[in-house]
Every structure is written in C-alpha cells, then in structure tokens.
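A short write-up of the structure that comes next.
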C-alpha cells in the first residue's frame with residue numbers, strides 16, 4: 001500500500017550546497033542551499049530567492065563557488081543557512097570559514113570545505129534561476145585517493161532530508177554504475 | 001593544498017532518478033538520470049537528451065514520475081540506465097519493474113521503488129530542460145515511521161558518484177537542519 005502526501009518539495013538526495021560569493025566591496029559571504037543540481041554538461045542551476053545577499057552578489061560579480069557541505073562541518077553549514085549577511089556583518093568569522101580567491105572566477109573558495117565548483121554566471125534564466133558554468137573543480141588533497149582522484153569516502157558529503165529536516169552522511173558504496181545492470185541484459 | 005581538475009560535471013550528492021513514462025501506446029518505460037533536482041517550490045528540473053524514449057514520452061503525455069533508486073534495486077536502476085526502450089522492447093520486464101498508473105498524472109508508478117514524485121510537464125524551458133510540477137508524492141508504507149512520515153533510514157536512497165562511477169548509499173544522520181547552526185549565533 002502507498003500513502004499519498006500531495007504536493008511536496010521532496011527529493012532524495014538533496015545536496016547541501018554552500019554557495020560562496022563576494023559582495024560589491026569584495027567581502028566574502030556564504031549561504032546554504034538545497035535546491036539546485038546539474039543543469040547541463042558543465043552547468044549548475046540554483047534556485048535562490050531574490051532577497052538573499054548571495055543572489056545580489058552573484059549578479060554583481062557574475063561568479064560564485066559551490067562547495068559541498070561535509071560531515072565535519074555540519075554546524076558551520078547549518079549556521080550559514082539560518083543567518084543572513086544582510087543583518088550579520090561577521091557571518092563568515094562566526095561560521096569559522098576562511099577563504100581564498102578562486103584563480104578562475106571572482107568568488108571565494110572556502111578553505112574548510114574540501115571540494116568546490118568555481119562557476120561563472122551564465123544567466124538568470126526565464127524562471128529566475130541562476131545558471132552557472134563550472135570553469136574549474138578544485139579539491140583539497142585530503143580527499144584524494146592514491147590515483148589523485150576524488151574519493152567520496154574521504155569527502156563525506158552530506159545530504160539534506162526535507163522531511164525530517166536532518167542532515168545525512170553519504171555512506172558505503174553499493175554498486176558500480178554502467179556495469180551492474182549488464183547482468184540483466 | 002588543492003588540486004585543479006578543470007571543467008568537470010561533478011556534484012555531490014547526485015541523485016539516481018528513475019523517470020517513469022508511458023509511450024503513445026500506453027506502454028510503460030523507465031530510465032536512469034542523474035542530472036536533475038528541485039527547480040522551484042513543487043517543481044523539478046530534468047536534463048535529458050532529445051534522443052531518449054523518455055523525452056519523447058514526456059512530450060507526448062505531458063507527465064512523468066520520478067522515483068528514487070534505492071539500495072535494494074541497484075542492479076535494476078543501473079539496467080534502465082544502460083539499455084534503451086528505443087531498441088529493447090521488453091525493457092521493463094527485463095528490469096523486473098512492475099507499474100500501476102498514477103491516480104494524478106498519465107504516467108506509471110514503479111511498484112518496486114518506494115517513493116515517487118508524480119509530475120505534470122510544465123514546459124520544456126529555454127534551454128531544453130524538462131520542468132515538471134510535483135502534483136503528488138506517494139510513498140510505500142514500508143518506508144514510513146510510526147508517525148506516518150518518510151524515514152530516510154528505511155528509504156535507503158542511493159546517490160551516483162560521477163568520479164568513480166559508483167552508487168553510494170545514504171547513511172547515518174549527522175545533524176539537525178535549521179537547528180545545529182544556532183550554537184554559533
């Protein structure tokens with residue numbers, strides 16, 4: 001038996017995106033967003049309300065970074081989602097986030113988060129969503145395996161659960177893509 | 001130290017979406033897609049190539065379902081991603097997927113996958129992406145907790161790892177959203 005819940009904005013997994021931007025004075029900011037994903041090859045989409053400082057910053061600078069919140073920074077990631085730089089001057093300091101400027105775009109990379117997409121604003125699309133081109137992916141060496149590739153078991157990215165309002169850690173590998181299904185062919 | 005990887009379509013977590021549709025004869029189909037997410041309140045976005053049977057079906061019927069692949073159906077989920085209904089007549093039978101028609105939209109719900117979004121096509125947007133309105137969320141009772149809500153620990157949704165080409169299970173709860181961050185205020 002199935003139960004109907006009606007219209008709900010539920011999705012599994014939802015990401016925990018920490019969007020990094022500079023304001024008009026070059027001051028770094030970050031916010032937590034769950035509504036976003038891949039829009040096309042090398043492109044991301046973000047659904048952000050107009051009122052966010054981040055939305056204004058993206059339009060001013062034409063750039064942003066997307067870091068993925070990890071299990072080691074749940075408190076910090078949640079903090080930047082519940083406090084706005086519109087009314088908290090020292091938001092980044094209170095979050096404990098330190099930044100360096102991206103080499104590729106006019107946006108800050110958050111040192112504490114080990115994986116970031118460095119994005120140029122392509123446009124605000126017909127529905128008001130932010131479309132960005134991924135011009136570089138940068139990863140801290142701490143999450144790389146011996147081959148120099150990203151190891152998701154080291155990254156420990158988290159997901160947002162929209163029903164229980166919790167954060168969930170990505171866990172163990174359960175299969176191989178483009179491979180396991182071949183046994184049914 | 002950080003390592004630069006250049007332009008990559010990497011994202012954590014990426015979902016494993018099983019998109020269910022009917023063709024012009026009412027025959028059910030399903031495909032696996034990782035490029036999609038929440039587009040707005042009650043709306044999803046899917047980035048699907050034109051050539052997919054699913055893309056054609058969505059345009060014909062104006063409807064689709066999005067089920068979330070779970071750890072119990074990794075093989076089946078992978079299979080519908082590597083085989084096309086364009087050249088495999090009995091794709092759903094080989095996948096072992098059985099369907100019932102949604103009560104709300106002209107699209108099939110896959111019985112074996114316990115959580116589905118039932119969506120009406122809103123439009124194909126300016127960039128060719130599918131935008132759907134979630135008109136109902138239906139969940140099998142097996143993934144509900146005692147309060148009748150979805151329990152992500154029972155759902156066991158999986159994520160696609162675009163770097164290692166593996167599937168990863170969502171694991172343990174690591175925090176409370178809109179709450180844990182308050183300790184930094």
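The numbers here are math on the coordinates, done by the rules we state, and not lab data. Given the structure is predicted, the values throughout are model-derived calculations rather than measurements. As a convention, Cβ positions derive from the backbone with ideal geometry for all residues, glycine included, and neighbour counts pool all protein chains shown.
Does residue B:141 fit the bill of being facing another protein chain (nearest Cβ under 8 Å), surrounded by fewer than 18 Cβ atoms within 10 Å (Cβ to Cβ) and in contact with a strand residue (DSSP E or B) (Cβ under 7 Å, 6 or more places away or on another chain)? Yes: the conditions hold for residue B:141. Scanning the range B:77-94 for residues that are touching a residue at least 24 places away in the same chain (Cβ under 8 Å) and crowded, with 24+ Cβ neighbours inside 10 Å turns up B:77, B:78, B:80. Just wondering, is there one or more residues in the range A:171-178 that are surrounded by fewer than 20 Cβ atoms within 10 Å (Cβ to Cβ) and more than 7 Å from chain B (Cβ to nearest Cβ)? Looking through the range A:171-178, none of the residues is surrounded by fewer than 20 Cβ atoms within 10 Å (Cβ to Cβ) and more than 7 Å from chain B (Cβ to nearest Cβ).
Sort out for me the strands (runs of 3 or more DSSP E) sitting completely within the range A:1-66 that have 1 or more residues that are over 20 Å from residue A:80 (Cα atoms) and more than 7 Å from chain B (Cβ to nearest Cβ). The qualifying strands (runs of 3 or more DSSP E) are A:43-46. For the subset of the range A:95-121 comprising residues that are surrounded by fewer than 16 Cβ atoms within 10 Å (Cβ to Cβ) and not in a loop (DSSP other than H, G, I, E, B), which member is nearest to the other protein chains (Cβ to nearest Cβ)? Looking at residues that are surrounded by fewer than 16 Cβ atoms within 10 Å (Cβ to Cβ) and not in a loop (DSSP other than H, G, I, E, B), I get A:100. Of everything in the range A:144-170 that's touching a residue at least 40 places away in the same chain (Cβ under 8 Å) and assigned to a loop (DSSP other than H, G, I, E, B), which residue is nearest to the other protein chains (Cβ to nearest Cβ)? Applying the filter and picking the extreme gives A:163. Just a yes or no: is a residue in the range A:72-90 assigned to a strand (DSSP E or B), more than 7 Å from chain B (Cβ to nearest Cβ), farther than 20 Å from residue B:1 by Cβ and under 15 Å from the mean Cα position of the chain (by Cα)? For the range A:72-90, residues assigned to a strand (DSSP E or B), more than 7 Å from chain B (Cβ to nearest Cβ), farther than 20 Å from residue B:1 by Cβ and under 15 Å from the mean Cα position of the chain (by Cα): absent.
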